[in-house]
Amino acid sequence: MFLSDFMIPVVFIIIIVYGLLNHVNVYDTFIKGAKDGFRIVVEIMPTLIGLMLAVGILRASGFLDALTKALTPLMEHVGFPSELVPIAIMRTISSSATTGLILDLFKTFGPDSLVGRMTSIMMGCTETIFYTMSIYFMTVKIKKTRYTLTGALIATLTGIIASVILTYKVFGY
Amino acid sequence: MLNYLWAFMILIGIIYGAFNGRMQEITQAAIDSSKDAITLCITLVGVIAMWTGLMKIAERSGLIKKLTHKMKPFLRFLFPKIPERHPAMQYIATNIIANILGLGWAATPPGLKAMEKLQELNKDKTTASTAMCTFLIVNISSVQLISVNMLAYRSQYGSENPAEIIGPAIVATLFSTLAGIIFSKIMMKGYMR
């Protein structure tokens, strides 16, 4: 797809040309920023070990397969792969635990499989609803959140439906 | 939350595995997944560093500031009741731009600041204001240009074209955000009457 192939090169061109026009030392700045990236990854490393470990154990026990199998008859006629149900549910609670599940799915089915592509697309338009809401409202001590949850769920559901349809359409399954 | 979730996943796994005679597989998985996590981080560090490096240039050159500025008409549409020069607007814009550029870790601090500023404008301090509801719905529906992490994961697990999902992902994210905005706007009208 055109957009997919051009996005990253175009971002590179825009940022570097804009930087040069504004007399930024682009190379030195890039190196400085890349250093920040190192710190970010090093900080998430322990979390990733913890969660990949938990998901790994869950997968090896056969529990994930059993759960998926139980969900299959329910999900079959909406065209939503039952392998993605645990991911979609986990996504509303914790983004790092979701990452663990996604990586497990990539390992089992491959990122270029139907479910692999569908998750990849789905992740960009969903968020950790419950986590985000509690953090943001807690800092300002709001108790009544009115229609925030409804709105967030509607947006997320729309995103999931769009991802499913787009995966089937774009990759021609 | 994560405390119980994590414990629950491991305990369920081990107990379920015990009944299925999968103890050896579980032991193997525990060792392998810890190892996998580090292998993955090596790919991740490369891709993330590439992105943060690029974004640093965007920040230094004033490109991010310019984009934030460009958000103004859109924010006026979303938050008609917030005064135009109110600091909340600046924080909301920074938060949204950081989310769009896939800089999740840079989005939260201005996001929380925005909530504080919105709280100052709020009359009932325990109930979310309309602006807060709109802000969180838009934030959660998060428009994202490129999910860099996803590209790293995909390439780590041998995707032939890790970037092939960028286009459809942008379309999907636009749909979810649009749904969030429409819903917020409808609710906003309902409460004004």
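Listed by first and then second residue, the pairs linking a residue in the range B:41-63 that is at negative phi and modelled with pLDDT of 90 or more to a residue that is acidic (Asp, Glu) and in a helix (DSSP H, G or I), with Cβ atoms under 6 Å apart and 6 or more places separating them unless they lie on different chains, are B:52/A:36. No other residue among B:178, B:136 is part of a helix (DSSP H, G or I), at pLDDT 90 or above, within 29 Å of residue A:40 (Cα to Cα) and not small (Gly, Ala, Ser) apart from B:136.
For the residues B:15, B:38, B:10, the requirement of being on the phi < 0 side of the Ramachandran plot, surrounded by 15 or more Cβ atoms within 10 Å (Cβ to Cβ) and either assigned to a helix (DSSP H, G or I) or facing another protein chain (nearest Cβ under 9 Å) (or both) singles out B:10.
Scanning the range B:96-110 for residues being among the small types (Gly, Ala, Ser) and surrounded by fewer than 19 Cβ atoms within 10 Å (Cβ to Cβ) gives a total of 1.
Could we say that residue A:146 is at positive phi and facing chain B (nearest Cβ under 7 Å) here? When the stated conditions are applied, residue A:146 passes them. For the range B:18-27, which residues satisfy the criterion of being of a type outside the set (S, T, N, Q), surrounded by 13 or more Cβ atoms within 10 Å (Cβ to Cβ) and more than 8 Å from chain A (Cβ to nearest Cβ)? B:23 - this is the single residue of the range B:18-27 that is of a type outside the set (S, T, N, Q), surrounded by 13 or more Cβ atoms within 10 Å (Cβ to Cβ) and more than 8 Å from chain A (Cβ to nearest Cβ).
Here residue A:108 passes the criteria (1) modelled with pLDDT of 95 or more; (2) out of contact with any Leu (no Cβ under 7 Å at 6 or more places or on another chain); (3) part of a helix (DSSP H, G or I) except the one numbered (1).
The values are calculated or read from the model by the stated rules, or taken from the named source; none is laboratory data. Note that the structure is a prediction, hence the values are computed from the model and not measured. Positions of Cβ are generated from backbone atoms using ideal geometry, with glycine treated the same way; all protein chains shown enter the neighbour counts.
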